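Reviewing the structure listed below.
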Amino acid sequence: MTAPLTFRGSAAASAPHLAQGSPAARPAPVGAHVAIKGLSHSYRRHDGKVLDGIDLEIRAGEIVALLGRSGCGKSTLLHMLSGLSHPSAGEVVINGKTVREPSPRWVMMFQAPSLFPWMTVAQNAALGLRFTRRTKEIATRIPEILDLVDLGAFADRNAQDLSGGQQQRVALARSLAPRPELLLLDEPFSALDAFTRRNLQKDVRDIARDLGLTLILVTHDVAEAVRMSDRVIVLEANPGRVSCDTPITLDEAERDGGSDAFQGEHARLMKLYARAADDAPRS
Ligand SMILES: Nc1ncnc2c1ncn2[C@@H]1O[C@H](COP(=O)(O)OP(=O)(O)O)[C@@H](O)[C@H]1O
Ligand SMILES: [Mg+2]
């Protein structure tokens, strides 16, 4: 499907960060509706469950963080959302259809950008369109998508000459070029320095809101969850289960991190996270 996208004009595209649209200015979501129904998983028949009885519904255009300590099954759940693997029980339903295989409509971004170092930025960004045989779209789509991720001036540079943050932006452009409805992020910023990470966190949230995409982000970083998401689902481990499901109601300015409201949400989430990780008393 080709969803109508609202791209920034050249003035906004030249700004390092996207303008913060008022809620009224946001487009109708083109993102996917996601339902996870009774999902459980064991990697081997005689092993214990990695995930147990996950039931979640994620609205079109919602930005959700799956927060939990290492090993609680976040990546496993994300792989099932993307169709890269299948649950032992239950199902993932995207826009009313059970997910059975990967699709350009739901794309995954990992910690490593996995670019071809000898190719240019534009060539790397075009790979998703090339693999899905949509080569006719490349000439118009790639310049606009590189502008969107703030790499318009780097189109002809070799990927290996870019910084880690810029390489992750190329990976983002490659993911967004086929106009997905759902973007799945598996700790994609954890290898970056704090400053670069913050810029990308803000830009990816702004882009997802701008496009009306559904975004599901896996993280073990409480600040990242608070900064980026509308809603946080905290997972507990052994087996992975939903420990709590809570909204983040900060406005865009408060998400930068300096505000009392941010600190309050961070402290609240930290308690919920520690409780799920069994590091704190349950009172
Ligand atoms: N391919 C696999 N085969 C067997 N066990 C796995 C496999 N992938 C992950 N696991 C196990 O499943 C559990 C959850 O892993 P994972 O989903 O990667 O957690 P997280 O992303 O939260 O760190 C861990 O105990 C891990 O060792
Ligand atoms: Mg993981």
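Summary table below
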read-out	value
Breaking point among (1) within 16 Å of ligand 2 (Cβ to nearest atom); (2) assigned to a loop (DSSP other than H, G, I, E, B); (3) surrounded by fewer than 21 Cβ atoms within 10 Å (Cβ to Cβ), for Cys72	(3)
From the options Ser88, Ser103, Ser114, residue that is surrounded by fewer than 21 Cβ atoms within 10 Å (Cβ to Cβ), within 16 Å of ligand 1 (Cβ to nearest atom) and of a type in the set (Gly, Ala, Ser)	Ser88
Candidate set: the range 183-200, residues that are closer than 23 Å to Gly71 by Cα and more than 16 Å from ligand 1 (Cβ to nearest atom); chosen: the one surrounded by the most Cβ atoms within 10 Å (Cβ to Cβ)	Leu183
Check on Arg179, basic (Lys, Arg) and more than 28 Å from Asp221 (Cβ to Cβ)	yes
Residues located in the range 56-69, provided they are within 10 Å of Glu236 (Cα to Cα) and either near ligand 1 (Cβ under 6 Å from one of its atoms) or among the aliphatic types (A, V, I, L, M) (or both)	Leu67, Gly68
Pick from the range 237-256, criterion out of contact with any strand residue (DSSP E or B) (no Cβ under 7 Å at 6 or more places or on another chain) and closer than 26 Å to Asp203 by Cβ, ranking: farthest from ligand 1 (Cβ to nearest atom)	Ala253
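So that you can scan it fast, the table gives a plain yes or no per residue for (1) in a loop (DSSP other than H, G, I, E, B); (2) within 21 Å of the chain's Cα centre (by Cα); (3) under 20 Å from Leu162 (Cβ atoms):
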| residue | (1), (2), (3) |
| --- | --- |
| Ala112 | yes, yes, yes |
| Leu115 | yes, yes, yes |
| Trp118 | yes, no, yes |
| Lys136 | no, no, no |
| Ile142 | no, yes, yes |
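Values quoted throughout were computed directly from the atomic coordinates according to the rules given, and no laboratory measurement underlies them. Everything quoted here is computed from the prediction, not taken from an experiment. In this analysis, Cβ positions are derived from the backbone assuming ideal geometry, glycine residues included, and neighbour counts consider all displayed protein chains.
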